[in-house]
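Values in this text are rule-based calculations from the coordinates and carry no lab data. Note that the structure is predicted; figures quoted are calculated from it, not measured. Quick reminder, even Gly has a Cβ in these numbers, built from the backbone with ideal geometry, and neighbours come from all protein chains shown.
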Amino acid sequence: MAKGDPRKPKGKMSSYAYFVQTCREEHKKKSPEIPVSFSEFSKRCSARWKAMSVKEKSRFDDMAKQDKVRYDQEMMQYMPGGKRGKKKDPNAPKRPPSGFFLFCSEHRPQIKAQYPSLGIGDVAKKLGEMWNSLTDATKQPYLIKANKLKDKYQKDVADYKTKGKAGGVSMGMGMMGNCMAPKPMMKSNMDDEEDDEEEDEEEDDDEYDDDE
């Protein structure tokens with residue numbers, strides 16, 4: 001099996017995954033010498049998670065949200081080699097950014113200047129924390145702009161698809177015309193093949209008689 005792209009960002013973790021990771025770290029600190037079976041450990045974690053209150057789970061939810069921000073940011077930076085066997089049409093409309101990404105584009109230079117040693121993932125976490133701390137009123141201008149860009153994108157996609165269908169119909173008619181001409185030829189070829197098969201059978205019969 002071929003390995004995946006090593007440049008592809010690490011997948012985002014769920015709230016429960018962060019909780020399990022925390023449980024594992026706690027066990028290593030308390031009893032590093034005692035091995036624990038995976039199935040038993042999973043059962044204990046699951047039982048603890050179900051018994052936890054919403055407030056207790058909230059810190060793991062926050063960790064998962066921040067990791068999602070990191071993942072989304074890294075995926076924006078990551079440019080895969082394209083889908084297998086299918087090249088993206090350069091004329092196709094580009095997907096619009098969300099309100100959060102518009103906010104990130106505006107504030108990323110500020111974070112990089114303030115924390116020059118931070119990597120892409122840590123910058124994304126900082127931006128996620130800033131975004132989550134904003135009030136709805138402060139987020140509104142970014143969300144309004146994102147909605148306008150989304151409306152424009154949907155209109156552009158509709159126009160693009162309409163043009164594509166028109167081109168496909170004319171192309172398809174041309175192909176149909178090309179395919180219709182050779183049919184009589186195919187009939188004569190089939191007749192020739194049948195004659196050849198009959199001759200072969202007669203030869204086989206002659207050989208059989210000689211053997212007898």
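Each of Lys43 and Asn132 was given a label point 7 Å from its Cα along the Cα-to-Cβ line. The distance between the two points is 3.4 nm.
List the pairs from Lys68/Lys112; Lys30/Lys126; Lys10/Lys161 whose alpha-carbon separation is above 22 Å, in the order I gave them. Please list the in-between numbers first.
Details: Lys68/Lys112 20 Å; Lys30/Lys126 32 Å; Lys10/Lys161 34 Å.
Over 22 Å apart, Cα to Cα: Lys30/Lys126; Lys10/Lys161.
So if each residue of separation counts as 0.36 nm, and I subtract the Cα-Cα distance between Gln114 and Lys155, what length gain in nm does that give? Display every interim value, and only then the final one.
Working: separation 41, 0.36 × 41 = 14.76 nm, distance 3.94 nm.
Result: 10.8 nm gained on full extension.
The value for region 99-164 of Rg(Cα) / (2.2 N^0.38 Å) is 1.47.
Using 0.36 nm per residue of separation minus the Cα-Cα distance, give me the extension gain between His107 and His27 in nm, one decimal. Walk me through the numbers on the way to the answer.
Numbers: separation 80, 0.36 × 80 = 28.80 nm, distance 3.96 nm.
Residue separation times 0.36 nm, minus the Cα-Cα distance, leaves 24.8 nm.
Considering all C-alpha pairs of region 15-77, those separated by over 15 Å amount to 60%. Protection proxy ranking for 9-22, 44-57, 145-158, using the average of other Cβ atoms within 10 Å per residue and placing the highest first: 9-22, 145-158, 44-57.
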